[in-house]
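First comes the structure, then the notes that go with it.
The values are calculated or read from the model by the stated rules, or taken from the named source; none is laboratory data. Keep in mind that what you see is a predicted model, and the values were worked out from it rather than measured. Positions of Cβ are backbone-derived with ideal geometry, glycine not excepted, and every protein chain shown enters the neighbour counts. Remember, those area values only see protein heavy atoms, side chains included, never the ligands or the DNA or RNA. Shrake-Rupley method; radii C 1.70, N 1.55, O 1.52, S 1.80 Å.
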Amino acid sequence: MISTLPRPVWLRTATALYVAAFLVFLFLPLTTVAVFAFNNAPYPAPPWRGFTLDWFVGNAGNGRLGLFHDTELLGSIVTSLIVACWVTLLSVIIGTANSFLMERWEFPGKQALSVLMLVPLVIPGVILGISILALSSRIAELADSLFGWDLDFLRPGLPLVVAGQFSYVATITTLMISARLKRFDRALNLGASHAAVLRTITFPYLRPALIGSAAIAFLMSFENFNTTLILVGNDAPLTVTMYGRMREGASPVLNAVSLFLMLASAALALSLLRGSKRAS
């Protein structure tokens, strides 16, 4: 149907209802979580018992330990930030290298390698975590038995969490950067060297893709649960810590954490979007 032609009343009504239903489905759970982070009750659900900030700033004086005094939750947020920063850095670097390899070079088996790079995206995160844990543990055991080496970084812990998340996040950054690099002419003019072209033309052109892929990598790493749960050691990231708290019993402090993360994610996304627009 041509957009400038008048649409029937029933079609306009159905479109409006569809959009409204979609928005309710999308935002009602988030709104509920945000609202009941301020509920003056020991449970994160209706009925409403009044407004309070205890779940953010409570110091356990009245039996309520708020987010900003909960050292376990704050420590898990810091752990998640550390993991996400490493995963983002590695994924963008390797994703950029992969993009140049796949878009600028011809070599035997290129198509097969392109397909293999997509495999981590279709493997369930739990299976991916178990596979990495089984392989790394076996290597650590062999190194210990044959050479007496104690390779702790191959045991469950943050290095394995970074490796597990990187194994599939790098594929996403590769696809995002490759999509932009594919549209770029690689011809050289005026005697410029390859290094000069990369520094002055190619990388500035790729900056929006680099920023966007870094944002996606950071957020995917920060919120990852299934792969992280398999590979984590003593220092649990936020998702694993929240899962453990939920098993013990839901508390409004988890709503407070969720609201804090929603606001932080929104701020990060907006700032990166603004930076990407300036870069483009």
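Side notes on the structure shown:
- Top positive-direction residue, dipole computed over the chain with Cβ charges, set THR202, LEU160, THR32: THR202
- For the range 1-91, the list of trypsin sites (Lys or Arg not before Pro) that fall in a loop by DSSP and count at most 12 other C-beta atoms within 10 angstrom reads ARG49.
- Restricting the chymotrypsin sites (Phe, Trp or Tyr not before Pro) of the range 84-138 to loop positions (DSSP other than H, G, I, E, B) with no more than 13 neighbouring Cβ atoms within 10 Å leaves TRP105.
- R0 of 35 Å, Cβ-Cβ distance THR71-LEU28: FRET efficiency to nearest 0.05: 0.60
- Quarter of Cα convex hull surface for the chain, i.e. mean projection, nm²: 24.2 nm²
- Cα gyration tensor category, rounded, prolate or oblate, for the range 23-94 with a/c compared to 1.5: oblate
- Taking a span of 27 Å or more along the helix axis (Cα atoms) and a mean Kyte-Doolittle hydropathy of at least 0.5 as the rule, the DSSP H helices of the chain that qualify are 9-35, 71-104, 125-147, 158-181, 203-223, 252-279.
- Cα-centred dipole magnitude for the range 96-165, charges only on beta-carbon of K, R (+1) and D, E (-1), debye, nearest 20: 220 debye
- Label-zone membership for the range 232-247, site ILE130, 7 angstrom Cα→C-beta point, backbone N under 19 Å: 232-233
- Heavy-atom SASA rank of TRP10, TRP149 (probe 1.4 Å, accessible area, largest first): TRP10, TRP149
- ASP150 sits with roughly 110 Å² accessible to a 1.4 Å probe, with DNA, RNA and ligands left out of the calculation.
- Highest mean packing comes first when the peptides 122-135, 205-218, 260-273 are listed by Cβ atoms within 10 Å, giving 205-218, 122-135, 260-273.
- Taking the protein heavy atoms of the range 111-232 in the context of the full set of protein chains, the accessible area attributed to carbon and sulfur is 70 percent at 1.4 Å.
- Computed helical MRE - 222 nm, the chain, DSSP H runs ≥ 4 contributing -39500 (n - 2.57), nearest 500: -23000 deg cm²/dmol
- Highest mobility in the GNM of the chain, judged by mean-square fluctuation with C-alpha springs under 10 Å and restricted to ALA140, ALA250, ALA21, is found for ALA21.
- Placed amide H near LEU65: partners under 5 Å, 5+ positions off or other chain: ALA60
- Value of Rg/Rh across the range 117-188 [Cα atoms, Kirkwood radius]: 1.19
- Length-normalised contact order for the range 1-102 - Cα pairs under 8 Å, 6+ apart - percent: 10 percent
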